[in-house]
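Below is one structure; the comments refer to it alone.
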Amino acid sequence: MRRLLPLLILLMPLAAAGQSLGGDPHELAQHLLRQAPDQIANLGQGVAVPLWRGSDGRMLMLKADAQSSASSQRADAPLSFQAVDAGSVMTTDLQYGLDPHLQLHAGVSEHNWISRGPRVVGSEIGATYNLGRYSVGLSVGADSTPDQRLPRVLPGATPGVNGLPDFDSSSQLNARGRVEVGGQSGIDLGASVGRIRLLPGNVLGINTLDQKALTFGVDHGPVSGMLIGRTMQPALPGGFYGDKRWSSIDLGVTLRLPWQGELSIGAQNLWSSGSSTPTPAGPEPDQSRTPYVQYHQDL
């Protein structure tokens, strides 16, 4: 009897629920199946695990995701990673919802090449205000190459960033906005302003570059497209380069497949300005047009 008493106590809530539903076991089962889960949150691609949830709607969650370099360009628009060289991008975000509309986030990312090239580790902290159909966000980000502190003897021997083989680190201020058009379509707009730092003794002969980026994206169901424009120029005018700028435009289309795969087609440096021929101060940023086709599969 003493063993049955705890079991009867545990079954009392189910008995009360059954009485409130008229005592029908089938109706009770349907009622339980209709309850919203408390342990899983669907935030699009990747997996999000709630760590804490308050009674007033505040929530703290952890999100991890793995993407191909082509499909990650939507979030990494300020910098350009060669799609033909980069392997995968791992991201981890900690998200905290202050209320149903305002969300704070802090995350880290890592870009790894298939066989060569330095790791590029990024971090970002920001906030997003979401009104359902409209959302806007501001963030501050930084990228660095922790495994690479000396300039290379042979320029271009390993993949670079933004066409720069001597990329060291960068910092940028990002602004993003999104407008939902119907239930399955949306328009994304973004802008970024920042600074790129090069390794000491680089072949370009300058230490820092100012960078700007604009993005325009459209998605409908499983299809999404992104147009990215970037420009770079020496942070301090004068010298050999004067006020010279290097500009480029990337275009990419991604199709999400029913079996959790992604097919990306596009071209980096579809249009560019600035000569890529060597100069007395060293080679300029590589702006050669690079078409690509990538397939990414989530396992």
Can you pull out every residue in segment 183-201 that is part of a loop (DSSP other than H, G, I, E, B) and touching a strand residue (DSSP E or B) at 6+ places or on another chain (Cβ under 9 Å)?
Gln184, Leu199, Pro200
Suppose the filter is polar (S, T, N, Q), surrounded by 16 or more Cβ atoms within 10 Å (Cβ to Cβ), touching a residue at least 24 places away in the same chain (Cβ under 8 Å) and within 17 Å of Gly141 (Cα to Cα); does Ser224 pass it?
no
So, in segment 201-221, exactly how many residues are modelled with pLDDT under 85 and out of contact with any Phe, Trp or Tyr (no Cβ under 8 Å at 6 or more places or on another chain)?
4
Residue in segment 237-254 that is closer than 15 Å to His296 by Cβ, in a strand (DSSP E or B) and either in contact with a Pro (Cβ under 9 Å, 6 or more places away or on another chain) or in contact (Cβ under 8 Å) with a residue 40 or more places away in the chain (or both) present
yes
Mind counting the residues in segment 38-64 that are modelled with pLDDT of 75 or more and within 26 Å of Leu214 (Cβ to Cβ)?
0
When segment 255-292 is examined, which residues are found to be touching a strand residue (DSSP E or B) at 6+ places or on another chain (Cβ under 9 Å), in a strand (DSSP E or B) and either among the small types (Gly, Ala, Ser) or modelled with pLDDT under 80 (or both)?
Gly261, Ser264, Gly266, Ala267, Ser272, Ser273
Of the residues that make up segment 202-219, is at least one out of contact with any strand residue (DSSP E or B) (no Cβ under 7 Å at 6 or more places or on another chain) and surrounded by 18 or more Cβ atoms within 10 Å (Cβ to Cβ)?
yes
Is it the case that some residue within segment 165-174 is modelled with pLDDT of 95 or more and of a type outside the set (S, T, N, Q)?
yes
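The values are calculated or read from the model by the stated rules, or taken from the named source; none is laboratory data. Every value quoted in this text rests on a predicted model; they were computed, and no experiment measured them. Neighbour counts run over all protein chains shown; Cβ positions are idealised from the backbone, glycine included.
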